[in-house]
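For reference, the structure discussed in these notes is given below.
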Amino acid sequence: MTLADDDVQAVHRLNQAFRQINEQLQKVIVGQQQVIEELLIAMFARGHCLLVGVPGLAKTLLIRTLADTLTLKFSRVQFTPDLMPADITGTEVIQEDKLSGTREFKFLPGPIFANVILADEINRTPPKTQAALLESMQEHQVTVGGRRYKLDPPFFVLATQNPIEQEGTYPLPEAQLDRFMFNVFVDYPEEEEELEIVRRTTTDSHVQLKPTLDGEEILQLQQIVRRIPAPDHVMRYAMQFTRLTRREKGEVPDFVTDYVSWGAGPRASQYLVLGAKARAALHGRYAATCDDVRAVALPVLRHRIMTNFNAEAEGLRPDDIVRRLMDVIPASDDGALSRGKLPEIFGSADAG
């Protein structure tokens, strides 16, 4: 399968936009190249992101700056224990016509009616308010008073969590975590990056950002990502990551049996392939590869693998399980193509 000429030009445009967005973000954000790339992969794949990192790592600033560079409507919701679902979706109020004296319900849209939604500290609000995001994330609509209200595309939810302080928080249930395409880990900056952060933020300087894409262009480029080819062996490679986490289904590596209680569902396979397609297009390539799958494996799988007590006792995290899977599953495109399918993982000396 090959791309049409118009699609080839669109891939060039997407690659150009990727570089332009990076250039604009670097005026405000120091480092965090991997985080930026993962955010853009999710956006062009029509996914949502959960950002996890300690306070002060510019998660909120990054999201707001991204919205500014894309000329999209931005809305921030600070999640607190007393936040109600109507505070997010909107509510109906009674409005009286002063001339006729009649009263009728009028819907007042909530902050969810935007293009880029920052759900700040999403785990600080009770489950019923967290669940208010579920319908909007999956169906791109909200239901209030028995009526459905469509959300304008593009629609992108970015939620943040603090991994340290867990007292008084409400961990997201697995069903809602699965709605997020990526779980992006925001790490501490390197020494030189932190020096640059201090230099920029302790002087009186103002940065003027240049818009790069509007909503209509983003929708067109999202369609191009879906048309990027992914060969069968790349799809099989992505599926192996998901299927080998399911200890109760078939033969799995010993470390999965020992340390995993529940594996990833089919949505993980879908997002691995979509993420690989988006990454290929962002870098100006016309087909997804196994390397693209490997690049998105951690953010796709880290919140979909549940480790057991044995893993916790030995200090193993889902990221460690995914990295071990990378060592087990053959990643060579040539090896896969030569046999028409992925090489056998078990039972042969050269499979590892």
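Only the coordinates and a few stated rules stand behind these numbers; no lab work does. All figures in this text were calculated on a predicted structure; none of them were measured in a lab. Every residue, glycine among them, receives a Cβ derived from its backbone with ideal geometry; neighbour counts consider all protein chains shown.
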Report task. Compute the longest continuous run of the chain that contains no exposed GluC sites (Glu not before Pro); treat a site as exposed when its DSSP state is not H, G, I, E or B and it has at most 14 other Cβ atoms within 10 Å. Result -> 1-164
Query raised in the report: Tell me, what HN-Hα J-couplings in whole Hz come from the Karplus equation 6.51 cos²θ - 1.76 cosθ + 1.60 at θ = phi - 60° for each residue of region 286-296, using x for Gly and Pro?
Result: 9, 7, 7, 10, 5, 4, 5, 4, 4, 5, 9
Query - Residue-span extension gain [Gln141 to Met306] - 0.36 nm each, minus C-alpha spacing - result: 56.4 nm
Query raised in the report: Could you put Leu118, Leu316 in order, starting from the residue whose Cβ has the fewest other Cβ atoms within 10 Å?
Result: Leu316, Leu118
Requested in this report: May I ask you to sort Val293, Val256 by Cβ crowding, counting other Cβ atoms within 10 Å and putting the fewest first?
Outcome: Val256, Val293
Query raised in the report: Relative contact order of region 114-179: what whole-number percent is it, with Cα pairs under 8 angstrom and at least 6 residues apart?
Result: 49 percent
Report task. Decide, for region 153-278, between rounded, prolate and oblate: order the square roots of the alpha carbon gyration tensor eigenvalues as a ≥ b ≥ c, take rounded if a/c falls under 1.5, and otherwise choose prolate if a/b is larger than b/c, else oblate. Result -> oblate
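Just to be sure I understand: of the beta bridges DSSP finds with both ends in the chain, what percent are antiparallel, rounded to 5?
Of those bridges, close to 45 percent are antiparallel.
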Query raised in the report: If the chain between Glu192 and Gln33 were fully stretched, how many nm would it gain, using 0.36 nm times the residue separation less the Cα-Cα distance?
Result: 55.8 nm
Query - Gain upon complete extension [Thr80, Gln16; 0.36 nm per residue less C-alpha separation] - result: 19.1 nm
Report task. With a point put 7 Å past each Cα toward its Cβ, work out how far Arg200 is from Arg323 in nm, to one decimal. Result -> 2.8 nm
**Report entry** Max mean-square fluctuation residue, GNM over the chain, Cα-Cα springs under 10 Å, options Val52, Val142, Val252
**Finding:** Val252
Query raised in the report: Against the longest alpha carbon principal axis of the chain, how many degrees, from 0 to 90 and to the nearest 10, is the axis of helix 266-282 turned?
Result: 90 degrees
Query raised in the report: What does the convex hull of the alpha-carbon atoms of region 151-200 project to on average, in nm²?
Result: 6.4 nm²
Report task. Consider a paramagnetic label point 7 Å from the Cα of Glu314 along Cα→Cβ; state which residues of region 253-281 have an amide N under 18 Å from it. Result -> 253-263
Query raised in the report: Which percent of the Cα-Cα distances in the chain go past 31 Å?
Result: 40 percent
Report task. Could you go through region 259-265 in sequence order and give the Karplus-derived ³J(HN,Hα) for each residue, using 6.51 cos²θ - 1.76 cosθ + 1.60 with θ = phi - 60°, rounded to whole Hz, and x for Gly and Pro? Result -> 10, 10, 9, 9, x, 7, x
Report summary line: For region 74-227, the Cα-Cα pair-distance distribution in 10 Å bins from 0, as whole percents, is 9, 28, 29, 24, 8, 2, 0
Requested in this report: Rank Leu213, Leu195, Leu221 by mean-square fluctuation in a GNM of the chain with C-alpha springs under 10 angstrom and give only the top-ranked residue.
Outcome: Leu195
Query - Per-residue ³J(HN,Hα) for region 236-247, Karplus 6.51 cos²θ - 1.76 cosθ + 1.60, θ = phi - 60°, Hz, x for Gly and Pro - result: 5, 4, 5, 5, 4, 4, 6, 5, 7, 8, 9, 5
Query raised in the report: Which one of Arg200, Arg236, Arg46 has the biggest mean-square fluctuation once the chain is modelled by GNM with Cα springs under 10 Å?
Result: Arg200
